[in-house]
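**Student:** I am attaching a structure below and will ask some questions about it afterwards.
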Amino acid sequence: MKNVKLIELPKILDERGNLSFIEGENHIPFQIKRTYWIYDVPGGEIRGGHAYKELYELIVALSGSFDVVLDNGINKQTFSLNRSYYGLYIPKMVWRRMENFSTNSLALVLASEIFDQRDYIRDYEQFKLMIK
Ligand code: TYD
């Protein structure tokens, strides 16, 4: 899928424990204005189910695993995230759903904008019309 990419993050291996990091506008092509995380997801629950008009995001499975199902209106692609040193970069105008959360999984999301409800597209039919 065009513009979507799995980014391998720096990994400093150490006998004392490993360390990874992300710098805005360096490892990801946007300035980080907001960070949020999704946790304590009950088995079988689905998050997301929307697109953003202007927001760019990077999703990292800091702990555990989950699937991110992406849809740009033409193609669909599922990414299984289960390593804390990979981030899934999702540009604006991509429909996303997150599912199959493992027990104790932790999804970290870095976002290019502060929270704005008006940036959400929550109706799939409207999304399909907007990308035409
Ligand atoms: P939402 O983005 O719909 O969750 P998800 O797509 O992960 O299932 O957000 C759920 C609720 O949390 C919604 O009422 C908006 C609120 N919210 C904030 O107030 N600030 C934020 O940064 C985010 C991501 C959500």
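**Student:** Under a Cβ-Cβ cut-off of 13 Å, what is the net charge of the residues other than D119 that fall near it, where Lys and Arg count +1 and Asp and Glu count -1?
**Tutor:** Net local charge, D119 excluded: +2.
**Student:** Between K76 and L13, what is the FRET efficiency for a Förster distance of 30 Å, r being their Cβ-Cβ separation, to the nearest 0.05?
**Tutor:** 0.30
**Student:** Another one. Tell me which residues come under 5 Å, amide H to amide H, from L9 once H is placed; ignore anything under 5 positions away on its chain.
**Tutor:** Under 5 Å from the amide H of L9: Y86, G87.
**Student:** Please tell me the relative contact order of the chain in percent, rounded to the nearest whole number, where contacts are Cα pairs under 8 Å and at least six residues apart.
**Tutor:** 35 percent
**Student:** Another question about this same structure. If the cut-off is a Cα-Cα distance under 20 Å, which lysines reach K2, setting aside same-chain residues fewer than 8 apart in sequence?
**Tutor:** K2 reaches K53, K76, K92, K128, K132.
**Student:** Same structure, new question: Grab the DSSP H runs of the chain that are 4 residues or longer, score each as -39,500 (n - 2.57), total them, divide by all residues and round the 222 nm result to the nearest 500 deg cm²/dmol.
**Tutor:** After summing the helix terms and dividing by the residues of the chain, the value is -1500 deg cm²/dmol.
**Student:** Continuing with this model, one more query. Highest GNM mean-square fluctuation, the chain, Cα pairs closer than 10 Å: which of D119, D14, D40?
**Tutor:** Most flexible of the set in this elastic network: D14.
**Student:** Can you send over the carbon and sulfur percentage of the accessible area for region 5-131, probe radius 1.4 Å, protein chains only?
**Tutor:** 47 percent
**Student:** Quick check for you: with a 1.4 Å probe and neighbouring chains kept, what is the accessible area per residue of the chain, in Å²?
**Tutor:** I get 60 Å² per residue for the chain.
**Student:** Taking Rh as the Kirkwood radius, which is the inverse of the mean 1/r over Cα pairs, what is the Rg/Rh value for region 5-131?
**Tutor:** Result: Rg/Rh = 0.97.
**Student:** When the chain is treated as a GNM, springs tying every alpha-carbon pair under 10 Å, which of R16, R96, R118 comes out with the largest mean-square fluctuation?
**Tutor:** R16
The values are calculated or read from the model by the stated rules, or taken from the named source; none is laboratory data. As the structure is a computational prediction, the values presented were derived from the model and not from experiment. Glycine also receives a Cβ, built like all others from the backbone with ideal geometry; neighbour counts cover every protein chain displayed. Accessible surface areas use protein heavy atoms only, side chains included; no ligands, DNA or RNA. Shrake-Rupley method; radii C 1.70, N 1.55, O 1.52, S 1.80 Å.
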